[in-house]
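Data first, discussion second: the structure below is written as structure tokens.
Read-outs: derived from the displayed coordinates by stated rules, not from any lab. It should be emphasised that the depicted structure is a prediction, and the values quoted were computed from it without experimental measurement. Here Cβ is always computed from backbone atoms with ideal geometry, including for glycine, and neighbour counts include all displayed protein chains.
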């Protein structure tokens with residue numbers, strides 16, 4: 001589709017561009033508020049002037065209204081981003097202080113604490129995570145309850161390792177400013193409660209989770225059904241999540257368009273008795289919309305559920321108006337509204353991948369359908385399933401490589417099996433829930449039906465998990481270590497979409513641009529390999545343990561590291577000591593060293609070490625207890641020796 005045609009048929013695409021531009025500028029360039037207000041005023045004036053143009057000036061100056069809208073939306077996006085950024089700033093009181101806040105999410109049990117998302121109201125208005133000491137009172141907390149607590153709230157920090165996930169940025173995107181550990185004696189409930197729509201949604205989800213426990217499913221089955229129907233992932237084990245990632249089916253664990261679409265099919269079937277035309281059909285669509293949003297409320301009103309519910313609502317309205325519901329304009333409208341109210345979503349991986357998947361389905365599936373004409377309903381079902389799965393994966397695999405550096409090899413086969421099974425699992429959940437609601441009647445028939453539906457659900461879930469684990473275990477299940485740069489990502493996307501456009505239109509211009517993009521993609525990759533950082537020996541910040549490895553191409557390569565001895569480095573003397581054995585030796589002159597790494601042992605004598613060695617810097621790794629590390633650092637500072645504490649200063653690197 002030519003660019004001008006896309007813009008002409010997708011008015012919301014023209015509206016979303018200034019919003020994206022405003023968010024991007026606000027994220028990387030500081031803009032004072034006066035400039036933003038001036039831009040908004042200019043936009044309003046341009047729109048106002050365009051309304052008063054008459055006669056011969058109206059056509060040549062028709063661009064004034066569009067320019068005014070651009071400036072206004074651009075400035076509005078800037079203001080929204082700055083406002084959300086202020087809320088996520090970790091400007092807390094430096095010492096311990098009393099705070100009052102409301103629990104806004106379901107408490108999540110951790111190995112040593114209970115994680116609670118709390119929105120504080122006094123003395124600052126922030127969203128924080130409290131790690132409450134495990135106790136019965138903490139486990140019984142419900143969303144909406146007000147807490148008073150004493151803590152020292154701190155901003156999120158990385159460990160300072162070269163391969164660290166940017167956790168502070170991730171939490172900023174989520175709108176969370178900081179965290180604190182709070183012992184049982186430092187918090188209590190005030191007795192007051194707050195009931196907003198998001199809190200009501202979380203309370204409904206908590207009750208449904210409690211209801212799911214009555215199904216007597218095994219832990220993996222309970223975690224799976226909670227994830228695919230409610231979007232609640234706290235029960236999922238790391239091994240189970242890794243199995244889904246490796247098989248290319250991780251998307252089924254997050255409630256998204258696929259799951260909401262299945263729920264929509266169930267709801268639409270329930271109201272099918274109202275017919276397909278006339279006023280009953282209008283009532284049917286309105287009931288579907290209301291029930292769909294009721295499900296979204298129960299499922300926690302997460303961003304993916306809200307996006308999917310919004311798009312299905314537009315689809316239902318389109319059916320009422322006898323217009324197409326799923327279009328590029330619908331997708332752009334959903335993105336426009338979400339970004340305008342939640343600008344951080346532009347940097348959210350799930351937001352980008354879900355919208356890219358839907359865009360790819362809209363773009364590729366009609367083209368793939370033309371390759372094969374099904375002869376019956378069964379072949380049509382599997383044909384549509386395969387084209388939807390392939391279209392979505394074509395669209396998101398550049399993003400997967402950019403964000404994760406890996407790609408599942410057998411995603412196509414796995415999704416052909418898993419997606420229909422997911423539908424069956426959700427369909428099987430509906431009658432089990434319905435029968436369980438009437439279990440208080442203690443009817444033998446209801447008990448038999450409940451047992452039957454529970455067995456069906458367990459069997460289907462076990463089949464799904466079996467397929468996932470089998471796919472994960474296949475050789476070469478994942479392509480790994482294929483990280484893309486941001487520039488490569490754009491060029492790869494250009495190539496994919498323009499080459500597909502060439503195949504359908506047979507025009508030469510899209511092919512030339514596509515091949516040019518591919519050439520630039522490979523040229524950038526070669527340049528980055530040539531100019532990439534050399535390998536380095538790294539003392540990592542691994543809490544309460546010692547970890548030393550060679551870091552190269554964004555990966556840790558472990559080699560044999562002596563407990564006491566020289567480390568592998570051809571040019572610089574690097575010595576590691578893990579006990580006090582060498583302190584009994586004597587030397588006429590200290591041995592010059594580039595780096596002396598101290599680990600594990602807590603009783604090092606600095607004077608004794610300096611009589612044996614003459615290091616340029618002493619590195620204290622994270623296995624040394626905190627009190628001992630502080631004492632060693634103080635002694636080194638007194639003697640004028642450079643010291644690097646890995647726990648405080650982050651990982652220490654020595655380049656080859």
Restricting to the chain, what percent of DSSP beta bridges are antiparallel, rounded to 5? 70
Specify the angular offset, from 0 to 90 degrees and rounded to the nearest 10, of the alpha carbon long axis of helix 411-437 from the longest principal axis of the alpha carbons in the chain. 70
Under the 7 Å Cα-to-Cβ spin-label approximation, residue 41 and residue 403 lie apart by a distance in nanometres of 4.1
Extension length gain for residue 87 and residue 416 (0.36 nm per residue less Cα distance), in nm, is 114.1 nm
Need one number for the chain: average projected area of the convex hull over its C-alpha atoms, nm². 39.6
For residue 512 and residue 211, calculate 0.36 nm times their separation in residues minus their Cα-Cα distance, and state this gained length in nm to one decimal. 102.6 nm
Anisotropy class of the stretch 558-656 from Cα gyration tensor, a/c 1.5 cut: rounded
Extension gain residue 600-residue 233, at 0.36 nm per residue separation less the Cα-Cα distance, in nm? 128.5 nm
Spacing of the two label points (7 Å from each Cα toward its C-beta) at residue 455 and residue 146, in nm: 5.3
Restricted to Cα positions, what overall size does the stretch 486-530 have along the principal axes? Three whole-Å values, descending. 37, 15, 10
Ranked highest first by the average count of other Cβ atoms within 10 Å around their residues, in what order do 227-237, 281-291 fall? 227-237, 281-291
Go ahead and run the numbers for FRET between residue 427 and residue 48, Cβ-Cβ distance against an R0 of 51 Å, rounding to 0.05. 0.40
Computed FRET efficiency, Cβ-Cβ of residue 569 and residue 639, R0 30 Å: what is it to the nearest 0.05? 0.75
Let me have the 222 nm mean residue ellipticity of the chain computed from DSSP H runs of 4+ only, each contributing -39500 (n - 2.57), with the sum over all residues rounded to the nearest 500. -18500 deg cm²/dmol
Provide the packing ranking of 485-492, 360-367, i.e. peptides ordered by the mean count of other C-beta atoms within 10 Å per residue, highest first. 360-367, 485-492
Would you mind checking the tilt of helix 303-320 against the longest principal axis of the Cα atoms of the chain, expressed as 0 to 90 degrees and rounded to 10? 10
Taking the Cβ-Cβ separation of residue 377 and residue 134 as r and a Förster radius of 35 Å, what is the calculated FRET efficiency to the nearest 0.05? 0.05
If you fit an axis through the alpha-carbon atoms of helix 486-505 and take the longest principal axis of the Cα set of the chain, what angle between them do you get, 0 to 90°, nearest 10? 30
Quick one: which of 392-401, 628-637 comes out on top by average Cβ neighbours within 10 Å, and what's the full order, highest first? 392-401, 628-637
Once both label points are put 7 Å beyond Cα along the C-beta direction, the residue 438-residue 109 separation in nm becomes 3.3
